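All remarks here apply to the structure that follows.
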Amino acid sequence: MQTHQYDVVIVGAGGAGMRAALESSTRARTAVLTKLYPTRSHTGAAQGGMCAALANVEEDNWEWHTFDTVKGGDYLVDQDAAEVMAKEAIEAVLDLERMGLPFNRTPEGRIDQRRFGGHTRNHGEAAVRRSCYAADRTGHMILQTLYQQCVKQEVSFFNEFYVLDVLLTEDLSTGEVPEGTPVRASGVVAYELATGEIHVFRAKSVVFATGGAGKIFKTTSNAHTLTGDGMALALRRGIPLEDMEFFQFHPTGLAGLGILLSEAARGEGGILRNSEGERFMERYAPTIKDLAPRDMVARAMANEVREGRGCGPEKDYVLLDLTHLEPAHIDAKLPDITEFARTYLGVEPYTEPVPVYPTAHYAMGGVPTTIDAEVLRNPTDVVGGLFAAGEVACVSVHGANRLGTNSLLDINVFGKRAGIAAAAYAATADWLDLPEDPTALVIGEIERMRDKAQGERVSDVRRELQETMDANAQVFRTAESLEKARDDVRALKKRYLSVSVQDKGRRFNTDLLEALELGFLLDLAEVVVAGALAREESRGGHFREDFPTRDDEKFLHHTMAYLRRGATPDETEVTLGTKPVTMTRYQPMERKY
Amino acid sequence: MTAVLENSAEPDATPEVGAVPSFDVTLRIRRFNPEASEAAAYWEEFTVTAYGTDRVLDAMHKIKWEVDGSLTFRRSCAHGICGSDAMRINGRNRLACKALLKDLDPSKPITIEPIKGLPVVKDLVVDMEPFFASYREIMPFLITSGNAPSAERLQSAEQRERYDDTTKCILCAACTSSCPVFWNDGQYFGPAAIVNAHRFIFDSRDEGAEQRLEILNDKEGVWRCRTVFNCTEACPRGIEVTKAIQEVKRAMITRAF
Ligand SMILES: Cc1cc2nc3c(=O)[nH]c(=O)nc-3n(C[C@H](O)[C@H](O)[C@H](O)COP(=O)(O)OP(=O)(O)OC[C@H]3O[C@@H](n4cnc5c(N)ncnc54)[C@H](O)[C@@H]3O)c2cc1C
Ligand code: SF4
Ligand code: FES
């Protein structure tokens, strides 16, 4: 075991982690631990853009952006946080430009902007051009640019280090630490992939920036490595997760594969059609049609398929039609996604419509934080020295449904805030002693899996998990389907206890890591389902067919899910609490587009 | 070892577009276990059942998940944008997640080896550190002088277009590890580093071109390139790598960029 000491340890080197590192590394001794090389992070997959009311091409302002974010999130957004994000968006985009990000340009040489779902002029009048972009590679450019700046600032990276535990001064998992008791983070435990060695990083501040958890579903736009590690680690240590029942299903995944085709395709004029060739979104969202928010479009598509108007031999997808666009325009604005259609489905988008179906895309929920990225352990108390930003966190700026382009924004705005806050905390905090035997939990779990001669296969348990989540907790949910998912997940958790890995080696044992990642997915799936069952209403990305309308009377609050340890360490139970929604300017209205 | 498997059929999700019936495919994989008592590389064959749109990565996952969990390779995004899984497939560098089995003549065994010129760590995993070290050396970041402007720097669409091609790089190392000069001389910066230098040298906002050209004027710099074009062929992002290197060479002589 090796021990290291840094003022600030950042876990994750995607957009949020690197944006945080750029701030904290100039102010405090900082290390970034990441299970992937920084440039492999899934921020690089983001395509469409990052919104900010620059008003470079038409009138716009941050207040309209705030409103769209709140309405898009079906009023579950904390409005103070949304306001911070919309205001700081402008500086966040300009920061990136000054770092060298190659944005597309207007004829005047300024940053160009385009339309994106749910972003409107003057509180819903018409679509507005607010998304700043670099072709359909915006996330790639953000990730590269932030990494370039990290190279410039000589940020210390620990690449291919898997963080597997966070160390806290109190055991929160029993649920018995009273409100108001100070609790602090003292470091993390990490596994070095290359050697199999365990490292303890002692830190005054820890920032979680570990990204999303799309792999709880089978059809997803998320990378194989998006297994919700940060969320699950926090959860296991007794920190709640907020609003996990809200998962975004992006309308346009390549049918059967889940690979994303950005909403930019519709922003640039693409149209969704059913088997009758009908532009069906005209029926569901008469004003902004194909550019309605994702939850609405995804449900509309699933509904077309359910009602027999799907395309293809199985009638199980709809079509994204770009054929009326100029090939030159497609090449200039959508080069990558049209190549995906060619490579993976063999479809030529110039002349043929592309088969698409909703794909699990984004976790609106996550580790609850304040607007300064401090992690909350209940509705009011923060954990000293623990921060979270990016998709792992729930600020909450996305509420029940995230608007396109607001996540690249989120990672930049709140990544920056996290870096500043973590360094500021470290500047005044004293060093804490590490708990006795800080690696016990991690080593115990690793040995259990590696030493078991025979047992369940990781891939079997994972496949069954993903299948039940797709079948029972996707775009349409009912009490019955969710109970099925809950029972399945519980049974799979039992089977997980007897999982064994075939690779018994120490070096580069990805077999072992996949097993640990599966454990995270199971815990998170349980929380998603528990929240979805309890929320007997439909709001944003969470749609209950048995409760098809929003119920502000009973459910205008955030869900706080806690994993409580039972009699034995293997017996855990999800308990649910609530947290009020912060409302400043906007009272809930019906969400129509 | 040879194992034949049935695909765990996915009845509702498989797309019919371009669908091809299932077929068996044999992968001949170069393996290396650093912890074996006599650590030496060897070949191992696996036969699995695949479907029309399956990629090499899918077949490898199938082996790892259903036959031999110790088969080791890097991967993340599975659609060609993270740069994790460059490997030598039938003698050519490609991303496993972008190489469709049906395009590779599955009637013959498909050979899979780690990319060349970087130390092999385990099976298909190589040590990427030397590759990233070269990248860092060419100062891959915007260099400007004076105070940052309060709004954005202006750049015309034409100026933006000038370096568009080289902004697409995902640092997968397919180019560098396909270069015979790099195989023979690990000190050579390699195409990827030059591509990333190009990205800044031709960016109208950047003022560091002279410094980068000085670095690349080194004996291990651009002049080692013998325009073999392997890199251009290997690049999964379709970057005209050799052309970029030529443009850097020309800039070195004319000092015009
Ligand atoms: C295909 C696609 C397209 C998208 N397009 C857009 C768009 O156009 N606009 C928009 O706003 N949003 C978009 N999004 C959403 C957005 O890209 C993501 O939400 C965002 O990039 C997440 O960034 P992040 O920094 O939080 O996480 P990531 O970029 O996923 O980074 C996570 C990091 O955490 C590290 N990590 C994870 N677990 C561990 C661990 N246990 N130990 C150590 N390190 C760990 C990883 O190595 C990685 O570096 C898109 C998402 C997808 C999937
Ligand atoms: S230039 Fe192409 S082949 Fe070379 S590292 Fe970049 S993306 Fe990979
Ligand atoms: S897995 Fe990301 S490029 Fe292949």
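The values are calculated or read from the model by the stated rules, or taken from the named source; none is laboratory data. Given the structure is predicted, the values throughout are model-derived calculations rather than measurements. Every residue, glycine among them, receives a Cβ derived from its backbone with ideal geometry; neighbour counts consider all protein chains shown. These area figures cover heavy atoms from the full protein model, side chains too; ligands, DNA and RNA do not enter into them. Shrake-Rupley method; radii C 1.70, N 1.55, O 1.52, S 1.80 Å.
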Once you order the gyration tensor axes a ≥ b ≥ c over the Cα atoms, which shape class does the protein assembly as shown get: rounded for a/c under 1.5, otherwise prolate or oblate by comparing a/b with b/c? rounded
Which shape class, rounded, prolate or oblate, goes with the range B:22-126 when its Cα gyration tensor gives a ≥ b ≥ c as root eigenvalues, a/c under 1.5 marks rounded, and past that a/b bigger than b/c marks prolate? prolate
Are there trypsin sites (Lys or Arg not before Pro) in the range B:184-248 that DSSP puts in a loop and that have at most 12 other Cβ atoms within 10 Å, and which ones? B:219, B:226
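If you add up the charges near residue A:95, with Lys and Arg at +1 and Asp and Glu at -1, over every other residue whose beta carbon is less than 15 angstrom from its beta carbon, what do you get? Before the final figure, lay out the partial values.
Numbers: positive: A:19, A:87, A:98, A:152, A:416, A:417, B:153, B:205; negative: A:23, A:88, A:91, A:97, A:410, B:152.
That works out to +2.
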Probe 1.4 Å, protein heavy atoms only: B and A together bury a total accessible area in Å², to the nearest 100, of 5900 Å²
Sequence ranges A:39-51, A:121-133, A:366-378, ranked by mean other-Cβ count within 10 angstrom, highest first: A:39-51, A:366-378, A:121-133
Points 7 angstrom from Cα along the Cβ direction at residue A:352 and residue A:61: gap in nanometres? 4.9 nm
Enter the Cα centre distance for the pair the range B:217-256 and the range B:91-161, rounded to the nearest angstrom. 15 Å
The protein assembly as shown - mean residue ellipticity at 222 nm from DSSP helices (-39,500 (n - 2.57) per run, n ≥ 4, rounded to 500): -9500 deg cm²/dmol
Per DSSP, the loop-located chymotrypsin sites (Phe, Trp or Tyr not before Pro) within the range A:374-473 having at most 13 other beta carbons within 10 Å are A:431
Among the aspartates and glutamates, which fall within straight-line cross-link reach of residue B:108, defined as a Cα-Cα distance under 20 Å, with same-chain neighbours fewer than 8 residues apart omitted? B:6, B:24, B:44, B:45, B:54, B:58
Give me the percent of accessible area attributable to carbon and sulfur for the range A:292-375, probe 1.4 angstrom. 52 percent
Carbon + sulfur, % of accessible area of the range A:1-85 - ligands and nucleic acids excluded, 1.4 Å: 42 percent
For a test of the definition: using alpha carbon positions, the gyration tensor, and the 1.5 limit on a/c, classify the range A:439-513 as rounded, prolate or oblate. prolate
List the cysteines in chain B whose Cβ has no other cysteine Cβ under 4.7 Å from it. B:97, B:169, B:172, B:179, B:225, B:235
Heavy-atom SASA rank of A:1, A:583 (probe 1.4 Å, accessible area, largest first): A:1, A:583
Rounded to a whole number, the mean other protein chain Cβ count within 10 angstrom for residues of A:96-103 is 6
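What average number of partner chain Cβ atoms lie no more than 10 Å from the Cβ of the residues making up B:77-89?
Taking the mean over all residues of the peptide, I get 6.
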Rounded to the nearest Å, the spacing of the alpha-carbon centers of the range A:305-376 and the range A:267-292 is 14 Å
Please give, to one decimal in nm, the separation of the simple spin-label points placed at residue B:127 and residue B:250, each 7 Å out from Cα toward the Cβ. 3.9 nm
Can you list residues whose amide H is under 5 Å from residue A:391's amide H, if they're 5+ apart or on another chain and H is modeled 1.01 Å from N? A:211
Solvent-accessible area per residue, Å², over chain A with all protein chains present [probe radius 1.4 Å]: 31 Å²
Carbon and sulfur atoms account, in whole percent of the 1.4 Å probe accessible area of the range B:22-126, for 45 percent
